[in-house]
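Here's the structure we're looking at; comments come further down.
What follows draws every value from the coordinates through simple rules; no lab data is involved. Being a predicted model, the structure only gives us computed values, none of them experimental. Neighbour counts are summed over all protein chains in view; Cβ atoms, including those assigned to glycine, are modelled from backbone coordinates with ideal geometry.
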Amino acid sequence: MTATTLPRQRRSGVREFGTSVVTIMSKELRSRFRGRRAFIILTLYLAVLALIAYGAYVGAVADATTRQTFGPDGSAVGVANRSAIVGQAIFALLSVFQLMLVAFLAPAFTTGAISLEREKATLDLLMTTPLRPGAIVVGKLLSALAFVVLMILAGIPVSALVLMYGGASVEDIIRAQVVLLVAAVGFGVIGLFCSALIKRTQGATVIAYSTVLFLTVGTFFVWRLWTAGLGGTTDGAFGVTSRAPEELLYLNPAIAMVEIVADTEITRGDMGTIMAEIRGTSGGIECEGDVCFTTDGGAVPVKGEPAVVNDCGPNERCAAPPVAAVFDPPLTETGHFLPRFALAFAGLSLLLTIASMRLVVPAGLGFNLRRRRAVPAVETQP
Amino acid sequence: MTPIIETRGLVKRYDGELAVAGIDLVVGPGEIYGLVGPNGAGKTTTMRILATLLAPTAGEARVCGIDVTADPVEVRRRIGYMPDFYGVYDDLRVWEYLDFFARCYSVPAARRAGMIGELLEIVGLTDKHDAYVEALSRGMRQRLCLAHTLVHDPQLLILDEPASGLDPRSRVEMREILRELSTMGKTILVSSHILTEVAELCTAVGIIDRGRLLRSGQIAEIERSLRATALLRIDVLSDGEAAIAWLGTDPRVGDVLAVSSNADVTRLEVPFDGPADSQAALLQGMIAAGHTVSSFGQATSDLEEIFLKVTGNDEETAA
């Protein structure tokens, strides 16, 4: 084989894969968007989203009149920018609600993708066509995600309401959409993998949702328990002395979303509290290099040693014990989890997609990601 | 000429259980080959191996000269497979269903519309072009599934019990369609657990039981090979006991069995080891001996009995 023919053949392989994916997608989408069902669901979804935005607005307006901000010395300097508080409240509620919705919907569209074909005995018909298993899996995934992605995109104008009030920037909204999209793909792939792995749709659904629940909620609780197990917290605050490895939370889309919302907050809200715990700043601890101090004049806890009470007033920077060696330094970087989550989830999706392809192929009939060499043509009958 | 189907020592084992125990099958171009055997004989397994859905444990299977495990995709381009049990996609119209499969086989868009019309005509579903697949009756679905196997104009059709669950009229229709496809030059492998069903249709049959191909060839040949030990059915009006005693003296007669006897007729089943002319001689002898024979004939004209005989012989040798 000469060097010139190889790329050409590879391209035709890619093209063949592409056409196969489109074939599967067009069939899947045809049946999914048939009738009015899809459009009714989309309309309802947007109506609910708008209602939530309105609810957040009503709730935040009442709150905003009494909310105060504090100056660097701790004294109240006045009422916070009401408009920004309203904007942040809407942003927080919408983002979290949308993520929950993605977590529910994305697996729902894919847990039946393969197992339903098995149950309805249509998979054999599909597998005896020359379509590559990879193309079948990818086509199914893309068509299943098409509707979820459509919902996410359709929700952007509602999220954009936030820009009217301020408090969250265009970048924040884009970040939230990125989390939603990456989560949609990842959850979709998890559903697909379960569908390929487990023969029955019912079982696949249970496993898929359990996995989604574990990733979004479970990992955080494991992290908390681990942190609690790591040692005493002198002042009751979590995650002060030592924290469990933050890598546990890289596969958690909720944390990535909470971080985005928390970073927009002027005063520490619910999201900020969660993030402070993860970052190790919930005790009001700040660090500069190796030297850590408390903002409320309390003690800087040191693992394995009795609490050292610093004799200084609130927000005075007093020298703390040399704590760097025993102290997990708090995380001060904002936007820390988003790129890590995106990378981890993309990697997981890729891995599970390839595994699903492998699972669809009948055992013993070789699976090859690359195109096989052409077989000498056999004379065809007239 | 390369045979369309060729298997050598094909073996499939499921969890230690032997489903196919060394099948050598050769089907030439243009044949309609019927694979007949009881449920669980290994018909479906054999067909699934040929359809590239299962990998054989041992042995090899070739379709149009291509090894099914070495290059399943090329085999798939040459076969149309209809499983014994299959579903249809909801929410698709008949033409969309066929269009989808045509696209799976990369049939160019320009040819698809015309071809779908032709296929629907062959299977007699022209008026169902825009109907939803789920609204079709069982017989219609069966014919639609048959049409789907034809979208890429394959050389070989592998049809697993295409007539199962159909009413007699639909069976006849199915048979006519298969005959038509055969005249179009397709090689067809069909399976059935009823020999009579495939006997009229097929150019050759293979009788399969417990994973082994017991007989293979034209039905007439198989029948002839069994004729040596024909089972005669003789009705005697006179004393049955005397007739049995008389028959017992003939060395070619096996153990005579009185099947039924009422007031005046005794029906005897007589295993007889001899060709047609010695059967005639036996009848003459009986009449000459004074037995009033009212009916004399071969019981094995029934295809089912051939079938039972072949599978039964195997049981004896296996035991």
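What is the Cα convex hull volume of chain B when expressed per residue in Å³?
Values: hull volume 54.1 nm³, N = 319.
In chain B, the Cα hull volume divided by residue count equals 170 Å³.
The DSSP beta bridges internal to the stretch B:75-195 are antiparallel in roughly 10% of cases. Counting charges near B:Arg48 (Lys, Arg +1; Asp, Glu -1) among other residues having Cβ under 10 Å from its Cβ returns a value of -1.
Among the GluC sites (Glu not before Pro) within the stretch B:197-297, those in coil by DSSP and having at most 13 neighbouring Cβ atoms inside 10 Å are B:Glu200.
Could you tell me what % of all Cα pairs in the stretch B:131-289 have separations over 20 Å? Tail fraction, whole percent: 65.
Once you keep just the Cα pairs under 8 angstrom separated by 6 or more residues, what percentage relative contact order results for chain B? Please list the in-between numbers first.
Values: 579 pairs, mean separation 60.3, N = 319.
Rounded, it is 19 percent for chain B.
Between A:Arg82 and A:Glu333, the modelled label-to-label distance comes to 4.0 nm, taking each label 7 Å out from Cα in the direction of the beta carbon. Once the Kirkwood radius over Cα pairs is known for the stretch B:5-106, the Stokes-Einstein relation at 25 °C and 0.890 mPa s delivers a diffusion coefficient of 163 µm²/s. Near A:Phe33, once Lys and Arg are set to +1 and Asp and Glu to -1 for all other residues with Cβ below 12 Å from its Cβ, the sum equals +4.
Here the spin labels are modelled as points 7 Å beyond Cα on the Cα-Cβ line, and at B:Phe85 and A:Ala154 they lie 3.9 nm apart. Each part reduced to its alpha carbon centroid, the stretch B:269-284 and the stretch B:119-137 end up 54 Å apart. For the stretch A:203-214, putting each phi into the Karplus relation 6.51 cos²θ - 1.76 cosθ + 1.60 with θ = phi - 60° gives couplings of x, 4, 5, 4, 5, 4, 5, 4, 5, 4, 5, 5 Hz, in residue order, rounded to whole numbers and with x for Gly and Pro.
For the stretch B:1-90, the list of chymotrypsin sites (Phe, Trp or Tyr not before Pro) that fall in a loop by DSSP and count at most 11 other C-beta atoms within 10 angstrom reads B:Phe85. The label point for B:Glu60 and the one for A:Asp270, both projected 7 Å from the Cα toward the Cβ, are 6.8 nm apart. Whole-Hz Karplus ³J(HN,Hα) for the stretch B:159-165, in order, using 6.51 cos²θ - 1.76 cosθ + 1.60 and θ = phi - 60°, x for Gly and Pro? With the stated coefficients, the stretch B:159-165 comes to 10, 8, 6, x, 9, 5, x Hz.
Count Lys and Arg as plus one, Asp and Glu as minus one, and take only other residues whose Cβ is under 10 Å from that of B:Glu269; the net charge is then +1.
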